[in-house]
Amino acid sequence: MILLGSTGSIGVNTLHLVKKFALHVEVLVAGKNIKLLNKQIEEFKPKYVCIADKADVKSVKHDNVFYGSEGILEVINRAKSDLVVNALVGFAGLAPSVETQKLGKRLALANKESLVVAGNLLDTSKIIPIDSEHFGLKYLLNGKKVESMTITASGGSFRDTPLEKLSSMSVAEALNHPNWKMGRKITIDSATMTNKIFELLEAKWLYDCEKLDALIETKSIIHAFVNFIDGSTTAHIANADMKLPISFALKGEVNEKILPHVDLLKVGNIEFKKIEESRYPIWEIREDVVKNPQLGVVLNAANEMSVASFLNGEINILDIAKINKRAYRHFGAIKPKNLDEIFEIDKEVRKFVKGDL
């Protein structure tokens, strides 16, 4: 197995299951957390390792260390393993996804940006989604005619914050997710609901469904609903733990206990809320994005820039949506046809947003 993003939360959970299932890891790809990477190298003994920066190579306790975006592509090509788990964060995960499919390897995808910016260039029939919502949808599909699909959102850090206080919320408060601990970028995307727009785009590409929506389920035990033509609806209920979708990605089918069942009596009431534009202003463009999925590259590039600016304390949380929507409308006519055009548009959007910050 080739694991991209081994020191992140998905990567750490994946390695936990590698041990459980007695699997072999041929490649570990990590970023800047060299201390954790060295522990992983000692335990899993990969053949190849790749990190973000050349300057850190000397600190890695391994003889075959590559670095940078080119290094990731190199180790994917060198490895004999046919399964790539792509848990990289952001636009950097796209080229490895494309390369994986070009080589005919299986792609277990936790890097949502690959589908958001280039879903039309990937063979989605051969992608194994590692995401609780998309795993839930896949679990529910049974060959019957589907009318629509709904995924759920936690509501993020500011789900219950008075609206008038949103603009003054700190970075630390934004990173305090009510239900779980995630990486910094995705926690902010959860707080703004941009993450949920991305997941609607992913669902569109993965399941070829036009009628998609999302709602807030505050306890995060229901991950997805499928609404069938006959009027019935099924829901996927499971404790919020990424080990479940990762297990299916690694094994194909799992017939053993991965998580404890949800104790519905302990859960008690389940609360649903509408995603309101007053709290999540990015939601204003949700329907347009789903109808124009080629604009995912614009929204993603703008969002990566604006979130970084927020995390640096340069803008407030509501400014993220303002900047993203401005870029989205400015580049609204683009229709990228290939990977080169996507990379070029990504650069142009970042340049545009930089002038806006």
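The values are calculated or read from the model by the stated rules, or taken from the named source; none is laboratory data. Keep in mind it's a predicted model, so treat the numbers as computed, not measured. Here the Cβ is made from the backbone with ideal geometry for all residues, glycine too, and neighbour counts use every protein chain on show.
Quick check on my filter: what residues within the stretch 218-240 are part of a loop (DSSP other than H, G, I, E, B) and farther than 15 Å from residue 152 by Cβ? Full working, then the answer.
Residues of the stretch 218-240 part of a loop (DSSP other than H, G, I, E, B): 218-221, 229-232, 238-240.
Scanning the stretch 218-240 gives 229, 230, 231, 232.
Hey, among 215, 244, 259, 201, which residue is part of a helix (DSSP H, G or I) and over 15 Å from the mean Cα position of the chain (by Cα)?
Details: 215 fails: part of a helix (DSSP H, G or I); 259 fails: part of a helix (DSSP H, G or I); 201 fails: over 15 Å from the mean Cα position of the chain (by Cα).
Going through 215, 244, 259, 201 in turn, just one is part of a helix (DSSP H, G or I) and over 15 Å from the mean Cα position of the chain (by Cα): 244.
Pairs please, first residue from the stretch 199-216 and over 17 Å from residue 125 (Cα atoms), second anywhere and aromatic (Phe, Trp, Tyr) and surrounded by fewer than 21 Cβ atoms within 10 Å (Cβ to Cβ), Cβ atoms under 6 Å, 6+ apart in sequence or on different chains.
Close Cβ pairs satisfying both conditions: 215/272.
Given the condition outside the structural domain of residue 236 (by TED's automatic domain parsing) and farther than 21 Å from residue 30 by Cα, answer yes or no: does some residue in the stretch 104-111 qualify? Working first, answer last.
Kept after step one, since they are outside the structural domain of residue 236 (by TED's automatic domain parsing), are these residues of the stretch 104-111: 104-111.
Cutting the leftovers down to farther than 21 Å from residue 30 by Cα gives us 104.
Within the stretch 104-111, one or more residues are outside the structural domain of residue 236 (by TED's automatic domain parsing) and farther than 21 Å from residue 30 by Cα.
With 157, 97, 190 as the choices, which residue is polar (S, T, N, Q), surrounded by 18 or more Cβ atoms within 10 Å (Cβ to Cβ) and part of a loop (DSSP other than H, G, I, E, B)?
Details: 97 fails: part of a loop (DSSP other than H, G, I, E, B); 190 fails: part of a loop (DSSP other than H, G, I, E, B).
After ruling out the rest, the residue left standing is 157.
Could you identify the single residue in 220, 168 that is buried (at least 16 other Cβ atoms within 10 Å of the Cβ) and of a type in the set (Gly, Ala, Ser)? Walk me through it before giving the result.
Details: 168 fails: buried (at least 16 other Cβ atoms within 10 Å of the Cβ).
The match here is 220.
Tally time: how many residues in the stretch 13-41 are in a helix (DSSP H, G or I) and of a type outside the set (Lys, Arg)? Before the answer, list the steps.
Within the stretch 13-41, the first condition is being in a helix (DSSP H, G or I), and the residues that meet it are 13-21, 34-41.
Cutting the leftovers down to of a type outside the set (Lys, Arg) gives us 13-18, 21, 34, 36-38, 40-41.
Selection size over the stretch 13-41: 13.
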